[in-house]
Amino acid sequence: MSRYLAILKIPAARGLLISSTPARLAYGMISLSIYFKVQQTTGSISVAGLAVGLNAAAGSITAGLRSSLIDRVGLRIPLRVLTPLFAFSVISFNQIQNRSLLLFVSFIFGLVSPPINLTVRPLWKFVVPEELQRATFAVDTAVMSVAGVVGPVLATTLALSSHPTFALNVCGVLMLIGGISLALQKVGQDWVPEKKVKGAGHILKLPAIRMLIIEGIFIGFGTGAFEIGIPALTTTSHVQYRTGWFFGTLAATNIIGSLLAGLISKRRSPLRAFRVTYLFWVLVSLPLAFCNPDWTLLIITALLGLFIGAQMVFYWEIVEAVRPQGSAAGAIGWLWTFEGTAASIGTMVNGLVSQHFSARLALAIYSTCIIGGYITTRVGFKYLAAADRLPTQEEDDFAVKTNIDKNSEKNN
């Protein structure tokens, strides 16, 4: 407890936590807010899935570019430019009734998604002393876990209330408050990006990164199927209000899984732990399509979150082991670009699948994609050999933090 109090007594640390929280909450709300807005306006699940997918695609396409920009020019310019554009676009989107315009604007404000967590992540080592790093991640984890759980529930509650426009309006205002206040933090203004190694090739030329991209395409497409399949299932079952429960549970157990993996990683190489937890992820996903939107789905989403959280920590430890120097943000950004683009396509395709066939089929596609990702990593195991060792403390902290960032900010 004394360590946590010591962190909160540091003005810069306190400022980062407080300023980033509203934006993280906004990211927890955005996908469901878009889904319910478009579904209520058009009456179509497939169009709602298309809108969510276009928004995610736009954010994913530019994720690698935005992360590389941070590695080059720092944090201030991306935040100060993108945050007001995003907030204005979201609030404007809320006033639209035309189907085509809804889709167009959904894509546009995805292009200008502020890189909140890519901004916060590199700053902690400059804010608190080394002996407080793990405690700092724990505090930051607690803040993000609350945002990750509250965001989907808040979005669902507001979107299904007597004033459904509140969901997107609140989302836009929270992003504006969080992004601008984060951009004004002095530590961000003083931060200097990690130096690149001269003569190093582009990160996308590395065999390990390419293999992870292929795996990420499977996982991304499956994630898109899951993220539209759950609200589609609750919509067709006339229990839309439960949507936030399932996503909130997934986010909460993801955090727990991440923290548990942080303990395991000190005793086993990330590559071997990655293979084991991946297999459990596959097994837990198999009954998903047969669940009803009740306690059975709640249990499966809780287990999914637990194993995804653990497995992804090892994944980010692997990324940290194989990436070249000078790509701290860029490696994550490019992987998110491919995975996120695949997720957006998965959302759009499975919106149609849910509308014209069945939401359960979309959830079955999710399970199939997880199997595809698992097979890819088994075949390409040799490319990740650099991660077949015990991680350093810094790599372990990085992985836990990155997974929680990814969970709370999917559109980054």
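Results, tabulated for the structure shown:
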{"item": "Residue tally, condition touching a residue at least 24 places away in the same chain (Cβ under 8 Å), surrounded by 18 or more Cβ atoms within 10 Å (Cβ to Cβ) and in a helix (DSSP H, G or I), over segment 283-297", "result": "4"}
{"item": "Per-region count, segment 1-30, residues surrounded by fewer than 24 Cβ atoms within 10 Å (Cβ to Cβ) and out of contact with any Ser or Thr (no Cβ under 7 Å at 6 or more places or on another chain)", "result": "17"}
{"item": "Residue identified as in a helix (DSSP H, G or I), within 21 Å of the chain's Cα centre (by Cα) and at pLDDT 80 or above among 353, 349", "result": "349"}
{"item": "Tabulated pairs, segment 340-356, first over 8 Å from residue 46 (Cα atoms), second charged (D, E, K, R) and outside any helix (DSSP H, G or I), C-beta under 9 angstrom, 6+ apart or interchain", "result": "340/410; 343/410"}
{"item": "Residue count, segment 254-291 (criterion: farther than 25 Å from residue 49 by Cβ, at pLDDT 85 or above, touching a helix residue (DSSP H, G or I) at 6+ places or on another chain (Cβ under 8 Å) and not aromatic (Phe, Trp, Tyr))", "result": "2"}
{"item": "Residues of segment 9-43 satisfying the condition of being at pLDDT below 85 and over 22 Å from the mean Cα position of the chain (by Cα)", "result": "9, 10, 11, 12, 13, 14, 15"}
{"item": "Any pair with Cβ under 9 angstrom, 6 or more apart, that starts in segment 314-330 at a residue that is surrounded by fewer than 23 Cβ atoms within 10 Å (Cβ to Cβ) and ends at one that is among the hydroxyl-bearing types (Ser, Thr, Tyr) and modelled with pLDDT of 70 or more", "result": "322/383"}
{"item": "Close pairs (6 angstrom Cβ cut-off, 6 or more residues apart or separate chains): free of Cβ contacts under 8 Å to residues at least 24 places away in the same chain in segment 7-24, assigned to a helix (DSSP H, G or I) anywhere", "result": "14/8"}
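The values are calculated or read from the model by the stated rules, or taken from the named source; none is laboratory data. Just so it is clear, the model here is predicted, and its values are computed rather than measured. Note: ideal-geometry Cβ built from the backbone for every residue, glycine included; neighbour counts use all protein chains shown.
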